[in-house]
Structures are given as C-alpha cells and as structure tokens.
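One structure below.
The values are calculated or read from the model by the stated rules, or taken from the named source; none is laboratory data. Everything quoted here is computed from the prediction, not taken from an experiment. Using ideal geometry, Cβ is built from the backbone for each residue, glycine included, and neighbour counts are taken over all protein chains shown. Surface areas here come from the heavy atoms of the whole protein model, side chains and all, with no ligands, DNA or RNA. Shrake-Rupley method; radii C 1.70, N 1.55, O 1.52, S 1.80 Å.
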Amino acid sequence: MLPFGLPKTDHLEPTIEPHLKPIQLVENLADLYRRLGTCLESEKSLICIEQYSILSSLGDPKLLRRCLRAARQHAFDVHSKVVLSAWLRYERREDEHDGVSPMDCSSFILECPKATLESGCDLNSIYDHCKCYQECNNSADAQISKEDELLTLDEDSDISFCIGNEEIDCVRSKIAALSTPFKAMLCGSFIESKRSKIDFSQNGISVELMKAVDLYSRTKRVDMFSPKIVLELLSFAERFCCEEMKSACDIHLATFVNCMEDVLVLIEYGLEDRANVLVASCLQVLLRELPSSLHSPKVMRIFCSPKARERLASAGHASFLLYYFLSQVAMEEDMVSNTTVMLLERLKECATLKWQKALALHQLGCVWLERLEYKSAQCYFEAATEAGHVYSLAGIARSRYKQGQQHSAYKLMNTLISEYKAVGWMYQERSLYNTGEDKIADLNSATELDPTLSFPYKYRAVSKAEKKQTKDAISEIDRIIQFKLAPDCLELRAWFFIAIEDYGSALRDIRAMLTLEPSYKMFKVRLSGDDLIDLLNHKVQQASQADCWLQLYDQWSSIDDIGSLAIIHQMLVNDPWKSLLRFRQSLLLLRLNCKKAAMRCLQLACNLSSSEHEKLIYEGWILYDTGHREEALAKAEKSILIQRSFEAFFLKAYTLSDSNLDPESSSYVIELLEEAIRCPSDGLRKGQALNNLGSKYVDSGKLDQAANCYMNALEIKHTKAHQGLARVYSLRNQQKAAYAELSKLIEKAHNNASAYENRSEYCDGEMAKNDLNMATELDPLRTYPYSYRAAVLMDDQKETEAIEELSKAIAFKPDLQMLHLRAAFYESTGNLNSALCDCEAALCLEPDHIDTLDLYNRARDQAIHPQQI
C-alpha cells in the first residue's frame, strides 16, 4: 500500500509563491487607498489591479472579485473593459456551466459582451442590468426608409472610376468627402481634379469593391454588403485613410464575431488593418473561452510571440492587463509550460510601472524555478528584487541553494531577517538552509509568526514519521488541517494512516482531497488519487448508498466536515448525476472556506439539475455568492412560482436575512423559514432551517419560540443548535446553563474552535481566557479571541501589549475588524499617524465600512486640528 514509501524530509520544500508579498502589507494597502482617493478617474482601474496583485497572496476570492469589479467599474477604454469582463467571468468559472456559450450575457453591465465594446462608463449604473436583459430591439429605429435611400442613389454622377473595361459612376463630392487624400486628388491641384474619368485599374481594386465604395459614399451604410465586401472596404479605408468608412466597417464586422471559428478568420483582417473594435470583439471571444482557448496553438500564436504582441499593440490591444490575465490562467493550467513562459515574457515587455515589473520578473523567476532552470530563475528574482520586491530574495536564496550554494542562501536569509521586521516566510525559508535544532527552531518561529504556513507542520510531521512516531506525525499535521484545508496536507495525512494500516481514515482523506481538487496527483504526479482509492477499496468494507446516507447524517451532526465530504464523494461515485449531492458538497466547502471548490460544485449541481425549479435555486445561490443579492431573490421567487420547495423558501429567507432588517421584514423572514420547514426535506437541511428560525426569534425577542426551535433542531441531531440554545439561556440570565450547553457542543463537535470561542462569553476571568486560548490554538484564523484579549489588556491600561496582540494576528491576516480596533487603540494613545494608516488599510479592504469611515474622519480631523483635541 506504500508503493513509493513515505515522504522524506529531504524532499520537502515550500513553494515560492508567484504573488507580490509586500513586507509592510498594511502600509501598502493604506497607500493604495490614499492613491485611489486622489488619482484621476482614468487611473483608478489600474490601481485596482495593483490592489488585486497585492491581495492575491491572501487567497480570498471575495476580496479579489471586489478588486476586479472595481477595476471594471472604473475602466473607460474598450480594451480594458473586454479584458476585465472576461476576467470576472473566468473567476466565476462560468466556462464550467453547461449550456452557456462564451458570448452569452449574464444580464449585468459588468460582464455584458456588448456593453464592453462601448467606450466610457457610467459609475452610477455599473451594477444595473444591461440592455440585453431588457431585450431592447432598436433595429427599427436604425433603419433608413426606402424613400430616403432611393433619393441618395438618384443623385447625378459626375465622375467615373475605370477598372479594366468597367466604369463605376460616382459623385465627386461624395468620394472626396471620404478622406483627405481623396479630397486632395479630386478637388485639389492634382490632374485628376480636371478629369471626369480616372483609371483605377492598377490599384488592385475590384469592380465590386469600387461599386461598394460608391454606394457607401452615398448612403454611409455597410450593412447591405456581404462580410467579404465589408472586409475589402475595411482594407480600402485603411489604405486611403477613410476614417469614417473604416469605423463603420470595423463596428459592423465586430457583429459577426460569435465563436472561435469566426475569430480565427476575422482577427487577421482586424490586425492587418488595425480595426480596433473588430480586434476587441475577437479578443473578447478568445478571453471568454479561457482556459480552453489556451490549449489552441492557433490562438496562442495570436498572443505569445514578440511579433504577436506588436501586432496587437498596433491595433490598440496589447497591455499589461491583458497579459496579466492570460499569464495567471496559464500558470493555473500548467506552471512550467512554454506557453506560460512566453506569456510572462510578454507581460514583462508590457510592464511600465515598478510594481508591474516586479510582478512579471518575480513570476518568471517562479516558473523557471519550477522548470529546474536555477540560473535563469536567479536572474529573474534578482531583477525583481532590484524592482523593489523584497520577497524575491527568498527566490534568490532558493536558486542558490539548488545550485549547491547552501551557505550563501543561509547568509542571504539571515541578513534579511536582521534588516526587516521578521515575518513567518523568512524563518520558513531560512529553515531550509539550517540543520538540526536550529532548523526546528526556525520552523517553530515561522509557525508562531504565521500559523497559516503549511510547510513547517508538514516538515515536523514527516520528521516524526521518520522516527517511527507516526501517531505523533498525524497529530502534528492535524494542527493545520483543522483550520486550513489543503490537498497536500490531506495527502500527507493519508500516507501516515496507510502506514499504521488505518485504511478507512486514509480513504476518507483521499476522497476529501479529490473533492477539493479532482485532478490532484499524489507523490509529485506519480500516482492519481483515483488509483489509490481503487487500491484502498479492497481493504475497506464498502457501504451501500443507504448506509452512506446514514453515515452522512452522523458525520454532519458531529460537525465532521472532512468526513462528510468523503462520504458525499463516495456517494457521487455510485450516483454521479445527483445534483443534490453536489449542492451539499458546496455547502460543506463554503463552511471550510474553500470558496473556489464550492463554486465549482454549485456549477455542477446546476448542470445536473433535473428540473427548472431546482436549477433556479442553484443559480440563485451562485448569484448570491457572487454578490448579486437582488437577482438571487428573483431566482428564488421564480422557483417558488413553479414549485413550492424547502430549498427555494430557504434561499429566499437566507438572502433577505443578509441585511439590516426592520421588524416587518424580520417577521417575513420568519414566515419564509416556517414555510420552508413545512415543505418536504431531510433532517440535515431542516435542522439548519430550525436553527436559523431560532436565531430570528431571538432577534425578535421571542425567546420561548426560539428555544422550541433549537430543541426541535437538537432532536434531529442538528448539533449547532446548542449554540443558539446557549444564547437563549444567556438572555434569560442563566449563564451556567448557557455554559453547560456549549460544553455539550464541544463534546459532540469534531470541529469545535467556534464552540470554545462562544463558550468564553458565558464565563469570566481565567476560564474565558482559557477557552479563547484554546480557540486560537485550534483555529488561529478566528479573530475574536485576539480582539477580546487586546480589549482586556487595553482595559488594564497595557496599551503596548494590547496593540501587539492585534499586530500578531494582523501580520498574517489583515482583517477589517482587527485593523479597525487597532486604529481605535492607536487613536486613544494619540498615535494618529498609525491610526490613519490602519483605517486606510481597512477601507482598502472594505471602502464602505461606516464605523471605520467615522473613525478615519475623526482621526484625520484631530491630525489637522491638534489644538482642538
């Protein structure tokens, strides 16, 4: 069962992340916020992309989507709008949605393929529906009446263009009006101005084309011509500087671009004649086809070579933004491919600002490092460092280490740690070049400074496994798995379970791993997860689908999310077309903060839905998760009209709850949840509805009804209802009962960090402190314990220690609430510059956060008028 043995510590190393990682992240975010407030409107879109590049290292899809939406909102030019709309679509993984073509409109201006081809923007309507949604048909208004058309055609001709034996009669003034060269030739001092016949036989112009030129000169229309003639008109217009004709052809040809086949035919004409709109339309299809278009050699020829970039630039469509998007998709698909390298090289050529150069050079360094080309990697990392990216020093150290220069790598990281305020990745990197107890000390320092780094846990776990302490190894890797789920950590734990012949637990981890990343390859691409599942199935008794449902009920009730994911994965092997199971997967993944995987499962649920009302529910959740609350509500209501169902009522209630409700609205949500509970469903979902209903009753002051809801939820094993019941007891001033209720939750729940955190509210002093410390130990990403401990220190007038407690967490998780609280602490101690910096960083994450805006304005006033303090 261990065909390659267990992993070895000698083979473990962390990746150099292909992101910008500022040493002073908070200060960088604050600077971005200030620049956004003072820059020109035309500069805002690019600053939002810079914000995206900095926040990428945090891995929060919601934050990144907000950056892209803001960039799209402030984009004026067609090119930027095309790229950003396609990028937003890609982030939603719209390509995985069955029945959706690349040019389908999502009904929102942000992603509408037609709206992107119009320059300029309306900041007030950017979140509105587009014209496609309104199904406007203005074609009748655009038609020219037959009478008007005949009038223009009957105008007397006064000049003929001779092509071979054919004469094309034209109107001199109309042809002259096409361009300055024609005006000079026909109405200026040239000999042609005196002639009534002009020989055009030697100009390579066909009779059909010249007739079309004549007709256009009279009607100013191109829609009566075939695409072939319009293409010839476009070349004619480019050759003779007929700008109005060129624009008309450009816009008309763009309407013919609907699929990849159209693109591959028309883009060459667009690039040759520098037709901006036609190229934009072609580009839009190519980008909205990502990632599949990335694998077409014909498509990549349009983007990858230096000459290709120059051709795009001549048509106004080569930019840092374009190659940033393309290179990110390429790296996700295949980090070491030639396509990735070429796109990054073009990105480097397009980079003009310092941060752009640093990003392109650093990412090239990462790619060459993965390709085992260490000298090239070192050169790029050195160039990125010169561009001001300190994190690239880790890349230089790694490249030297790979070339046998371990001592040089160690000295470089040692210098870095001594010169800058230390962060976790510095100690992690230095640990690679250290030995013995010093290596372990560095790894422990890395974990203390940044507990989200997975490498230190993996190294310590494998080190223990090498000493035959496999159970201790499992305990070590458990420390990170319980708050940060990642395929590589699940894989490692699975190997440990196999080593102690706990095949059931190994199978669970591999199934959960494949849920997160279906194509994940184990042992550095030498073994697929599916192959290992086949091997392990011979060692584990197989459960029927009915048994799986029972197991899922038990795992869900004990809040064992990994176990639940594994069971659903097994059930999907037996019944792959079950949309309900995919939906359950998405719920679990959202609870585990695996947002991209959750979105993929929601898309699959939507694709597999067997009825229209069910599909509407999944579409509603997709809309809700991507910030379109009103549209999610509309989907729920439409589903209810087709069929009254638990999920439709639950979606509507959940969506409405996501706002500050007045008493009337709160009562309506209660009615919706009660209606959901009356509809058929299983205990897992009904327990959730009862729990939510209890919460609404508490908010309305109806404690008896709330208690009944929580009791009913507990009867069907919805374990989280203990938390709600504790809240009811607390509001009745029964603190001991509340504490006891959460103690029951701690005993039952597999994942119980939140239970410890909540229980701390119902006890005092040392007991509360112990619960919060346990919550932090189990899940260091939970922010409340840091805030509470800091507030206690502040109450004890230990301002420095209070600020340090928050700073410890902000260093690896720049959370909005913690930044706000630290800013308030700084303000109270008179450190207004630091208070302003924290406010600006918080507002960079959430520009409309009212409490932070109030604090920011107050601190700014104090800084401007210190005598009034």
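Quick one: which of 318-327, 511-520 comes out on top by average Cβ neighbours within 10 Å, and what's the full order, highest first? Let's see the in-between values first.
On the way: 318-327: 23.4, 511-520: 20.0.
Answer by packing, highest mean first, reads 318-327, 511-520.
As an equivalent ellipsoid, the range 422-514 spans semi-axes of 25, 15, 9 angstrom, where each value is the square root of five times an eigenvalue of the C-alpha gyration tensor, largest first.
Computed per residue of the chain from DSSP H runs no shorter than four, each worth -39500 (n - 2.57), the mean residue ellipticity at 222 nm is -20500 deg cm²/dmol.
As a length-normalised measure over Cα pairs under 8 Å and 6 or more apart, the relative contact order of the range 727-839 settles at 14 percent. Each Cα pair under 8 Å and six or more residues apart adds its sequence gap; the mean of these over the residue count of the range 576-636 is a relative contact order of 27 percent. Taking 31 Å as the limit for the C-alpha separation, the pairs Lys595/Lys748; Lys652/Lys717; Lys81/Lys375; Lys595/Lys808; Lys357/Lys439; Lys298/Lys357 exceed it in the case of Lys81/Lys375; Lys357/Lys439. Tell me the angle of helix 579-591 to the major Cα principal axis of the chain, expressed in degrees between 0 and 90 and rounded to the nearest ten. So the helix axis and the longest Cα principal axis differ by about 70 degrees. Contact order, relative form, for the chain: 9 percent (alpha carbon pairs under 8 Å, 6 or more residues apart, mean separation divided by residue count). Quick one: check the C-alpha center-to-center distance for the range 648-714 versus the range 351-388, whole angstrom. With the range 648-714 and the range 351-388 each reduced to a Cα centre, they are spaced 53 Å. For the range 713-843, place one equal point scatterer on every Cα, skip the solvent, and apply the Debye formula. What is log10 of I(q)/I(0) at q = 0.11, 0.13 Å⁻¹? So the normalised log intensities work out to -0.46, -0.61. When peptides 685-693, 9-17, 52-60 are ranked by their average number of other Cβ atoms within 10 Å per residue, the highest-first order is 685-693, 52-60, 9-17. In the context of the full set of protein chains, residues of the chain present 45 Å² of accessible surface per residue (probe radius 1.4 Å, heavy atoms only). Measuring nothing but protein heavy atoms, the accessible surface of the chain at 1.4 Å probe radius is 49 percent carbon and sulfur. The residues neighbouring Ala358, those whose beta-carbon lies less than 13 Å from its own, together hold a net charge of +1 under the Lys/Arg +1, Asp/Glu -1 convention.
Against the main long axis of the alpha-carbon atoms of the chain, helix 721-731 sits at an angle near 70°.
Cross-linked pairs Lys596/Lys696; Lys62/Lys348; Lys174/Lys228; Lys8/Lys471: Cα-Cα separations exceed 19 Å for Lys596/Lys696; Lys62/Lys348; Lys174/Lys228.
Both numbers refer to the Cα atoms of the chain; Rg and Dmax are 31.9, 107 Å.
Among the trypsin sites (Lys or Arg not before Pro) in the range 170-235, those located in a DSSP loop and surrounded by at most 13 other Cβ atoms within 10 Å of their own Cβ are Arg195. Between the alpha-carbon centres of the range 413-459 and the range 12-39 there is a gap of 21 Å.
In terms of packing, defined here as the mean over residues of other Cβ atoms within 10 angstrom, the peptides 291-304, 427-440, 562-575 line up highest first as 562-575, 427-440, 291-304.
Quick one: helix 207-219 against the long Cα principal axis of the chain, what's the angle to the nearest 10°, folded into 0 to 90? The helix 207-219 is inclined about 80 degrees to the chain.
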